[in-house]
Amino acid sequence: MPYQNPQDSKLFKKLSIPNEIHLRKIKVAPAIERLESYIKDATNAGMKEVKVIHGRAGTGDMRRAVHKFLSEHPDVERYYPAPPAEGGPGATIAVLELSF
């Protein structure tokens, strides 16, 4: 067995973290805190891409806050609006820097 402790395995970490985070129906400040923690976990697990579901209804404050956060985060290489089949204007795809 290569790992005595499965939590040390990048594959275990990658499989235990969902590939998307839902931020709908929560306030902007707690949502950004949750997103920050999620991006850290996803980066540490070696994930290359994640989907941020922020919703499309309302004033767009959440989407703007998410895009601002992603544009300033050092572990985010780039981000782009999700294609229609993956949430369209209600979601954003973030491409993460690989950490080795």
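Side notes on the structure shown:
- Subset of the stretch 28-41 (residues that are touching a His at 6+ places or on another chain (Cβ under 9 Å) and either loosely packed, with under 14 Cβ neighbours inside 10 Å or among the small types (Gly, Ala, Ser) (or both)): Ala31, Glu36
- Positions within the stretch 42-100 being surrounded by 13 or more Cβ atoms within 10 Å (Cβ to Cβ), among the hydrophobic types (A, V, I, L, M, F, W, C) and modelled with pLDDT under 90, in sequence order: Ala45
- The one condition in (1) under 17 Å from His22 (Cα atoms); (2) free of Cβ contacts under 8 Å to residues at least 24 places away in the same chain that Arg56 fails to fulfil: (2)
- Out of Lys14, Lys25, sole residue that is at pLDDT below 95 and surrounded by 13 or more Cβ atoms within 10 Å (Cβ to Cβ): Lys14
The values are calculated or read from the model by the stated rules, or taken from the named source; none is laboratory data. Model, not experiment: these values are computed from the prediction. Virtual Cβ from ideal backbone geometry, glycine too; neighbours counted across all protein chains shown.
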